[in-house]
Every structure is written in C-alpha cells, then in structure tokens.
1. Just tell me which lysines come within less than 19 Å, Cα to Cα, of Lys363; anything on the same chain fewer than 8 places away is out.
2. Each residue of segment 515-527 in turn: what ³J(HN,Hα) in whole Hz from Karplus with 6.51, -1.76, 1.60 and θ = phi - 60°, glycine and Pro shown as x?
3. Which whole-number percent is the relative contact order of segment 336-479 (Cα, under 8 Å, 6+ apart)?
4. Taking +1 at the Cβ of each Lys and Arg and -1 at the Cβ of each Asp and Glu, which of Val557, Val516, Ile600 sits farthest along the dipole of segment 499-622 towards its positive end, judged by Cα position relative to the Cα centre?
5. Report Glu238's accessible area, 1.4 Å probe, all protein chains in place, as a number in Å² to the nearest 10.
6. As a test question: what accessible area, to the nearest 10 Å², does Val395 have when a 1.4 Å probe is rolled over all protein chains in place?
7. Give me the distance in nm between label points sitting 7 Å out from Cα along the Cα-to-Cβ direction at Glu147 and Arg564, one decimal.
8. In percent, what relative contact order does segment 229-331 have, based on Cα pairs under 8 Å that are 6 or more apart in sequence?
Amino acid sequence: MCLTLRGCLPCRSCREKDLPAPSSNSSRTRMRTRSDSSEPDGTRPNFLPGLTARASGGNWFRGKLPRLFRSPRGQDTVNITSTTDGHHSPKDEEPQNVILTFEENLGLHKYSEASQLLIQREESLFGEITELDSLARHEEEVNDLAEDYGILKRNILQTLLQSLKADANTEALTSAVKAIYQEDKQDGLWRQTDRTRPGWRPNSWRELHDATLHNLVNERMDYPSTPSANQEGQSSVEAHIHSMGRQLKDDLLMVVEVVRNCYPPETDICNVYARLYHQTFSARLRKVADFGLEDKDCQFLLRWVNEYYPGLLQKPALASEINAEALGKLLPPELLEPLEEQYLSKQQHELMTYIRRVLEEAKEMWNNGQEPMREDGCYVSPVAYDIIQLVNGMVTSAKTVLGDLHKAQSITSKLNGLMQSFKTFQDEVMRQNKPNSKAFTKANLGNIEQFRDTLTKNGDLFLEDVRKDCLSVLTDMKESAHMYLLSPVHEVLKPQYRKLGTSDWLNKPLFEKLLVSIQAEIQELQGSKESCHQELMSKFHQEVTVEYVKRLLRGEVKLKDKERQDKAYVTVKNDAERLHSLFIKMGSKEDWLKEILIKIAEVLKLQELPAIQMQVASLGSAFPDLR
C-alpha cells in the first residue's frame, strides 16, 4: 500500500514563488481513514514522523502533524487515499469517517465542533510556547487562530440574536450554546495555569452571551413586532404598553416552548429570559409613569402592573417554567403610590358625584309631587339599587386594578357622609308631610333594606368604620320611618287603648272593636315591599302589645275576688290569642309577644303573694325588655 499526498500545504521552508497556487479548499481538506488494520502489499513512504494509524476506526493521527503538513490556520487535516498497485481499493470508495474543517463546521452551523477544533489548535500551539520570545516565532499562527475565534464569535452572536424568531435554527442555537460553555470551561482551565495565555483568554463568552440576550430583549421591546390587534380608541400610551406586553408574552412563550430545549436544564434559561423581560418592561413603564398620565392611561398602566402582567405569567404554559413571585412588581412603591392616589381620587370623585345626582333626582321627583313607581302594588325607589351597583362595580374593579382590597375600599371613605345626606332628605320628606310623603317613605324602607343587606353581606366593599357608621344611620332611618307611618295610626286607636284594663273591658266586647280598627288601619299601611311591610307589622304588633300591657299594669280594674281574677285571666288570654292571630296574618314575625300576655294572664289568677312574686320574676327573666 502506498500513501498519496493529495495536496501540498505551504510552510516556512517553502518559498511562495516556488509553489503552485493551492486550490481554494487546500487549506481546509478532509482526512479519510480505513477501518481495517490489514495492510495490502505495497510500500509506505516514511516521511511523516509521528504519523500512526489506529487499529480500527477513529482518526489517523495519534499525535499532532508536523507543522509542514498543517494548513495555514493550523488544522491538522490532510486528504490521504489508499491504493493497491496503483489502483483504488474497493473499500476506499466509501468514506469511513469524515472530519470537517473549521470552515465546513461553520457552514453547517456546527459551532460546538468548530470550537473544539479551535481549542485543540490553541492547546497544541500554546503547548509549544513557553516564553514570550517563542510567541513571536508563532505570531502568524496565533493571529490566524485569533481571527478564527473572532469569526466563530460573530457567528455565535448572530445565532443568539436570531434565537427568538419563529424560523430560528434550533440546531444551530443548541450548538452555539454548547460552544459557549466549552469556551467558558477553557477559560477556567487557563486561569488555573501559569503558562503563557493567548491574548483572547479569558474570552468571557458566558458574559458575552448574557449581554447579547440583554441587548436582544431591549431591541425587541423597543421595536415590538406584534402590535395590538385592535388599537382603535386607544391612546398612544395604551397602544405602546399593549404592544410591549404582547411582545413579552409571545417571546416568553417562544422561550418556554422552543429556546428552552436548546440549553442545559441547569441554566434555567426560562427564568433568565423572564428576568430580562421583567427588567426591560419595568424600565419602559417607569419612563411612562414619570411622564405624567391622563386618568385613562393611569388606570391602564395600573392594570398592566397588577392584573394583566401577573395574569400573563400565570398562564399554564409559562407558570410551570417561570417563577413569577421572584420577579416582583413591575413598578416600585415610589412610582405606584402617586398613580394609585390619582386613580382612587378619580374613582371616588365619580362615585360621590353619581350618588349626589341620584339623590337629587329623587328629591326633585318628591318636590314635583310625584309618587315613586309601583311594582306588584308596592312603592319602589331605584336609589339604593343604582348606588349599590356602582359601589360594587367600582370597588371590585379597583381591587383588580390596584391588587389590594383595602386600597380599593377607600373609594367608599366618604359614603357615610352621603348616607347622612340620604337621611336628611328622608327627614325633610317626613317633616313636610306632603301628600306623596308617605309613598316616598314606604319606598325608602326598601332602599334602607337594600343598603343594610349590602353593608352586612358584602362588608368587604367598605372600610369597617364607614360600614358601621352607615349601618347606624340606616337604623335611625328605619326607626324614624316606622314612627312616621305608625304615629297617625296610634292616634286613631288611642281612644280605644284607654278602655283597656277597665271594668268595661272586662264586661263589654271592647277589644273586638280595637281589632277591627287595627285591621282597618293596617290597610292604610300597605304599599312597601313585602319584607319591609313585615318589619312594619312587627313593629306595629309590638307597639300595640306595649299599649295593652301598660293599661293592664296601671291596675284601674279591681280584682277583688277569685271570680273576677279568673275572668281577667280568660279575657287577657283570649285577647292575646286574637291579637297574635291578626298580626301574624298581616305579616308580623313577633310570636313571642303572645307569650308575654299569657304569662301576665297567669299572674292575674294567682292569689298568694309568694306565687305572684315568683311568676313576675319569671316574666322578667323571660322578657328582659319588659318594663
């Protein structure tokens, strides 16, 4: 077998003018090997000292080629073909192993392999250089190697800059990342030795990688490629923020779904990108916040900080790979607080203005002599419903915009003052007692109930002190409304109240007449919604019972014997049953009032003082409110 040198590489011992011009590929040639260890008959020229063949497969070279047979850039590669008697061996028609040159690896985006070749050249070259004067003798090779490192770096940086594009070459990116970590490891090895270092060591490609990603993120956020789908009606600030937000979302999805697979897991590349985008987006929003915003833009910015951005990071595709909690807020407190104050002030002003307008409309309607609307025969007012809907909507929205319920509640901080204005309006309605005043008062009972239910069941909408103040005002309003509606009724019934507990009461059917009058007056009290009417009837029931007990306890009737005592007992017991039956039928829920009258009746039939004392004590314990 003989070896035929397929190309001649110039070296220092050759004069350029004496050599034929090399082909364009002569400096980056391929080396072919044989997998079998047998040698056919023939001769092997012995002009390659140190050149040996492996038993099977692999590279031809166990050591390094003498400089004579290296390419100008230092690749230890030659193209050698096996022949037998001047003819090619059949086995040599198919290459068994191909080693690509540096340029070929670059062309195929095999940056990791290209980096390995440069590291091998670096170790070989600088392994021979032990002193600075030796470095001068290798100046050309050192310069060539430095140039190749520069070419590789530019290719890798370009690949990194393309990594977030939809058509990014993931194989190239994977190889580029691997090359970066190889070079970082080589930097570490050079730091551990006292040998003369190459001028490019350390090359700090890890730091260059991080800086490149930072620049890439900045550029993509400065010039978003995904504008808002519908910018109609948006201000320039809203459109700008929205475009950046969409770009951030699309790019992070690209990182999680594609780029992540090109990096080793320990790099945590998803969180690296998330931090870069968070910092960049935050910096852009700081500039926006410093600019001074209109109310609409202020609210939009706050929603991005507290609603849209956290919601974006909680999307399933991102949440599994990105630690949103570690990123924190997009804006610091010193910038958020002025924006929050501006937003809350605007919302509070709108709420107070709207409530005042609702109350003014109701007052104007009353002044004009109109009656409230009727639904199912009941007077109704939209005041409470309209105000409650607005309060609920504003506080709920503010909680989302601000990300803080307590701050959102401050919108209602002046609501107790407006509730007092509502009470003042009702007091004026009752004081003037116009023909439509009772209708308005009955309608207001519905408003009072709606406000009370909201303050009780949805207390999280209000600051606690505001809630308590409003409930207190509403209690006063309900009591005064009941008094206004019931006082005329008691005036009508007063002559009949006076006969209770008298001799005529025991001997004549006076209580029957009282029940008839009560039933007639109840008809005049109709007109409020059912639940409010039931409360009014309960109040009326209680007041009538109080009048009855007061008359009995005055003792105008003398029970001188057991017969009269028994008669009083039966009369009171029957009155209690009939009074209870009437008011329960009219909607009262005060069942316990009947028990008071029955217990009083039982006291009336007792004759022994100790027994009377015990029964009275029992009555007082059972009904503490009894006077």
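1. Straight-distance partners of Lys363: Lys423, Lys434, Lys438, Lys442, Lys478.
2. 5, 5, 5, 4, 4, 5, 5, 4, 4, 6, 8, 5, x
3. The normalised contact order for segment 336-479 reaches 31 percent.
4. So the residue furthest toward the plus end is Val557.
5. Number for this one is 20 Å².
6. Probe radius 1.4 Å; accessible area of Val395 about 0 Å².
7. If labels sit at Glu147 and Arg564, their model points lie 13.7 nm apart.
8. With pairs under 8 Å counted, the relative contact order is 38 percent.
The values are calculated or read from the model by the stated rules, or taken from the named source; none is laboratory data. All values reported here derive from a predicted model rather than from experimental measurement. For neighbour counting, all protein chains shown are included, and Cβ atoms are generated from backbone atoms with ideal geometry for every residue, glycine included. These accessible areas exclude ligands, DNA and RNA; they are computed on the full protein's heavy atoms, side chains included. Shrake-Rupley method; radii C 1.70, N 1.55, O 1.52, S 1.80 Å.
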